[in-house]
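Q: My questions all concern the structure below.
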Amino acid sequence: MDKQRLINIFDRQATQYENKREDPKQQRWRQNLIGHAKGNVLELAVGTGANFPFYPPEVKITAADFSKAMIDKARQAAKYHHLNAEFMCSDIEEISFSDQSFDTIVSTLSFCSYKNPLRMLDKINCWCKPDGRILFMEHGISSNFMVSVLQKALNPLLYRVYGCHHTRDIMGLMQESHVQIDKVESHWLNMVHLIWAKPTINN
Ligand SMILES: C[S@@+](CC[C@H](N)C(=O)[O-])C[C@H]1O[C@@H](n2cnc3c(N)ncnc32)[C@H](O)[C@@H]1O
């Protein structure tokens with residue numbers, strides 16, 4: 001799908017994502033993960049700022065998303081939660097930061113959309129400081145055979161409507177990348193993974 005079409009799909013979903021921020025299950029997962037952020041944080045594909053209530057107050061956040069409608073809502077959320085945050089309306093797959101720029105890199109529900117998720121993981125590995133943290137909450141293909149068959153069958157439609165792949169092998173991608181996993185918690189028949197990771201040193 002071309003990029004502008006994907007951006008339009010996410011622009012149209014901004015209000016829906018804003019409402020989903022209140023989902024109690026997701027809030028518990030986000031709280032569990034985002035409380036580990038420290039220092040200078042990069043949040044990829046921030047959406048409407050669903051993680052913002054859970055950041056420790058002292059962090060400084062750089063948040064990127066290519067949907068202006070999402071960024072507008074995230075900006076309001078940052079203000080509401082008194083966060084020190086700056087926003088970039090850009091394609092995160094095309095941005096470059098200097099190596100070792102961030103103490104923490106956060107990605108929640110964003111690896112379903114990237115064109116090249118493995119390349120994105122290796123960029124994150126480079127952007128994170130050697131003693132930094134990389135925090136993920138991602139969804140992908142289930143380890144349950146019947147569920148995975150359904151996901152594969154529905155994926156073309158779901159991608160066209162929501163801009164989101166449902167068949168990505170998240171743990172496989174992590175293992176193929178330079179990111180080192182410290183801890184994983186998997187939920188919903190292994191469709192959702194909370195991952196605490198760190199970069200490979202000397203990246
Ligand atoms: C499924 S939503 C998740 C939003 C948020 N991270 C959350 O946890 O609720 C995916 C977000 O990724 C953004 N996105 C997808 N691909 C992107 C890219 N290449 N660059 C920047 N943002 C992107 C979309 O605009 C959307 O806001």
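The values are calculated or read from the model by the stated rules, or taken from the named source; none is laboratory data. Remember, predicted model here, so these are calculated numbers, not experimental data. Cβ placement follows ideal geometry from the backbone for every residue including glycine, while neighbour counts extend to all protein chains displayed. Side chains are part of the model used for accessible areas, which takes the heavy atoms of the whole protein and leaves out ligands, DNA and RNA. Shrake-Rupley method; radii C 1.70, N 1.55, O 1.52, S 1.80 Å.
Q: Taking 0.36 nm per residue of separation and subtracting the Cα-Cα distance, what length does fully extending Cys89 through Leu154 add?
A: 20.4 nm
Q: Still on this structure, I have one more. Using a basic spin-label model with each label point 7 Å from the Cα along Cα→Cβ, how many nm lie between Gln4 and Asn116?
A: 2.3 nm
Q: Here is a follow-up. Run through the DSSP bridge list for region 3-198 and note the antiparallel percent, rounded to the nearest 5.
A: 40 percent
Q: Using the Karplus curve 6.51 cos²θ - 1.76 cosθ + 1.60 with θ = phi - 60°, what ³J(HN,Hα) values do you get for each residue of region 34-50, in whole Hz, with x for Gly and Pro?
A: Karplus values, whole Hz, x for Gly and Pro: 6, x, 8, 6, 8, x, 8, 10, 10, 10, 7, 6, 5, x, 8, x, 4.
Q: For region 118-162, what does the convex hull of the Cα positions come to per residue, in cubic angstrom?
A: 113 Å³
Q: For the chain, what does the helix formula give at 222 nm: sum of -39500 (n - 2.57) over DSSP H segments with n ≥ 4, over the residue count, nearest 500 deg cm²/dmol?
A: -11500 deg cm²/dmol
Q: Which of the peptides 20-28, 108-116, 95-103, 70-78 is most tightly packed, and how do the rest follow, judged by the mean count of other Cβ atoms within 10 Å per residue?
A: Highest mean packing first, the order is 70-78, 108-116, 95-103, 20-28.
Q: Averaging sequence separations of C-alpha pairs under 8 Å and six or more residues apart, then dividing by the length of region 1-99, give the relative contact order as a whole percent.
A: 27 percent
Q: With contacts defined as alpha carbon pairs under 8 Å and 6 or more residues apart, what's the relative contact order of the chain in percent?
A: Relative contact order of the chain: 19 percent.
Q: Can you bin region 3-198 into rounded, prolate or oblate? Criterion: square roots of the alpha carbon gyration tensor eigenvalues sorted a ≥ b ≥ c, rounded for a/c under 1.5, prolate for a/b above b/c, oblate for the rest.
A: rounded
Q: What percentage of the solvent-accessible surface of the chain, computed with a 1.4 Å probe over protein heavy atoms, is contributed by carbon and sulfur atoms?
A: Ligands and nucleic acids excluded, carbon and sulfur reach 52 percent.
Q: What residues from region 122-165 fall in the zone where the backbone N is under 20 Å from a label point 7 Å along the Cα-to-C-beta line of Gln100?
A: 122-135
Q: What is the gain in length, in nm to one decimal, between Lys79 and Lys183 on full extension, counting 0.36 nm per residue of separation less the C-alpha to C-alpha distance?
A: Result for the pair: 34.3 nm of gain on full extension.
Q: Going Cα to Cα from Lys38, which lysines come in below 30 Å? Please leave out same-chain ones fewer than 8 positions away.
A: Lys20, Lys25, Lys60, Lys68, Lys73, Lys79, Lys115, Lys123, Lys129, Lys183, Lys198
Q: Right, something else. Say the dipole of the chain comes from +1 at the beta carbon of Lys and Arg and -1 at that of Asp and Glu; which of Ala63, Ala37, His166 then lies farthest toward its positive end?
A: Value computed over the given set: His166.
Q: State the cysteines of the chain left without a partner when partners are defined as other cysteines whose beta carbon lies under 4.7 Å away.
A: Result for the chain is Cys89, Cys126, Cys128, no neighbouring Cys Cβ within the cutoff.
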